[in-house]
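Trainee: To start, I am sharing the structure in question, which I have written as structure tokens.
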Amino acid sequence: MTRKTRKKNRKTPFWLKVVISIISILIITGGIAAYRLYHAIYEPNIFLGERKTTHIFIPTGSNFNDVKAILYKNGMIVNTNTFEWLAEKKNYRNHIRPGRYLIREDMGNNELINLLRSGNQDPVRLTFNNIRLKEELAGNIARQIEADSLSIIKLLNDPAVLKKYELTPETAKLLFIPNTYEFFWNTSAEQLLERMHREYNNFWNEERIRKAKEINLTPLQVGTLASIVQAETSRPDEYTKVAGVYINRLKRNMPLQADPTIIYAVGDFSIRRVLNRHLEIDSPYNTYKYAGLPPGPITLPETRVLDGVLNYQQHDYLFFCARDDFSGYHAFARTYSQHLANARRYQNALNQRRIMR
């Protein structure tokens, strides 16, 4: 037998086989563990049904158990064990941030926990319009951010708080310039007022303040007058003309005699026809009884109406009433006799349509 043949017949030592087997097992086991670890950290772990995204809301003061209850509702987290394991590893329970978060169906535990830890919220687009009462305003906003309506209305009725903004409970609504604003959902009532004060100052720039002074009105008085103009006409191309009538009356110290202020004073916004009995209400908002502007706005005036007052149409009209064609436009008059003729036509049209209140 040659030396070459003897080498071919030599067997692998048993101990080497054992070592190789152990290494192979370790490699396989390590691979499985690595896969499971990767899966636990990075693989999608969100179930949203047919949706691709959703929002979750984590209230101020929430703890880890609260967050889990929010996430586990409706089975949003597929594997709760891997989520909780990684949350503990990343010390999330000590880094909980309240807010509104956008959740995607392709998120893994790592991405989700990093998002919630960061406080990187998806902002709320806060809007408000067609508001008459502070209670309506507070309720509208409370449906969009975390601050509740009671905390908002409390501030809007607090003279000490409002003094900081040179407002009163009657004029407080005017701090809110109708628009669309981005807010974090967990905004408090105090933070809300601070932000709206900044927006108010941005709107009332030097140019608008100058125009207000030219008509001898403060920004708050412009806002109050604009609220009446907005309630009087639904036609934007009439804003400046209607404003001109009221400016003329203010200059002559004539009562504004604005029907929307009577409706506001009565508190019945279903009224379509102001009657003599309504005019008897004793209220500072009764502009038939009291000359000048009422103590505050009767609605939340839009920016285009505010600008309509500041850029009012200069004319010599002192009266107006709705046209009898129900077009939404108004018939304007220079004299009381002309106004009475216009009013009769409109009243007859109301009678024909059986609109009695």
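Trainee: Based on the inverse mean of 1/r over its pairs of different Cα atoms, what is the Kirkwood hydrodynamic radius of region 124-203, in Å?
Mentor: 12.4 Å
Trainee: Over 10 Å intervals from 0, what percent of Cα-Cα pairs in region 209-325 sits in each interval?
Mentor: 15, 49, 32, 5, 0
Trainee: What is the spread of the Cα atoms of region 119-163 along each of their three principal axes, largest first, in whole Å?
Mentor: 35, 26, 16
Trainee: From the convex hull of the Cα coordinates of region 53-118, what is the mean projected area in square nanometres?
Mentor: 3.9 nm²
Trainee: Could I get the Rg over Rh figure for the chain? Both from C-alpha atoms, Rh via Kirkwood, rounded to two places.
Mentor: Value, to two decimals: 1.34.
Trainee: If you don't mind, another one. How much length is gained on full extension from ASN65 to ASN157, taking 0.36 nm per residue of separation minus their Cα-Cα distance?
Mentor: Stretched fully, the ASN65-ASN157 segment lengthens by 29.5 nm.
Trainee: Follow-up. Using the count of nearby Cβ atoms within 10 Å as a rough guide to exposure, how do MET196, MET76, MET254 rank from fewest to most?
Mentor: MET254, MET196, MET76
Trainee: When the Cα centres of region 95-150 and region 153-210 are compared, how far apart do they sit, in Å?
Mentor: Answer, in whole Å: 20.
Trainee: Sticking with this one: At each listed q (0.13, 0.19 Å⁻¹), what is the log10 of I(q)/I(0) that the Debye formula gives for region 275-335 modelled as equal alpha-carbon point scatterers?
Mentor: Treating every Cα as an identical point scatterer, log10 I(q)/I(0) equals -0.54, -1.17.
Trainee: Among the listed pairs LYS213/LYS241; LYS134/LYS164; LYS134/LYS163; LYS164/LYS289, give every one whose C-alpha distance is greater than 24 Å.
Mentor: Over 24 Å apart, Cα to Cα: LYS164/LYS289.
Trainee: State the percent of C-alpha pairs, over all pairs in region 42-89, separated by a distance greater than 18 angstrom.
Mentor: Taking all Cα-Cα pairs of region 42-89, the fraction more than 18 Å apart is 33 percent.
Trainee: On to the next question. Could you give me D for region 46-196, from Stokes-Einstein at 37 °C and 0.692 mPa s, where the hydrodynamic radius is the Kirkwood radius over C-alpha pairs? Units µm² s⁻¹, please.
Mentor: In µm²/s, the coefficient is 191.
Trainee: At R0 = 41 Å, how high is the FRET efficiency between THR335 and GLN191 if r is their beta carbon distance? Nearest 0.05 is fine.
Mentor: The computed FRET efficiency comes out at 0.20.
Trainee: Pop out the ³J(HN,Hα) list for region 287-302 in order, Karplus 6.51 cos²θ - 1.76 cosθ + 1.60 with θ = phi - 60°, rounded to Hz; leave Gly and Pro as x.
Mentor: Residue by residue, region 287-302 yields 7, 8, 8, 10, 6, x, 7, x, x, x, x, 9, 7, 8, x, 6 Hz.
Read the figures in this text as sums done on the coordinates, not as results from a lab. Quick caveat: nothing in here was measured; it's all calculated off a predicted structure. Here the Cβ is made from the backbone with ideal geometry for all residues, glycine too, and neighbour counts use every protein chain on show.
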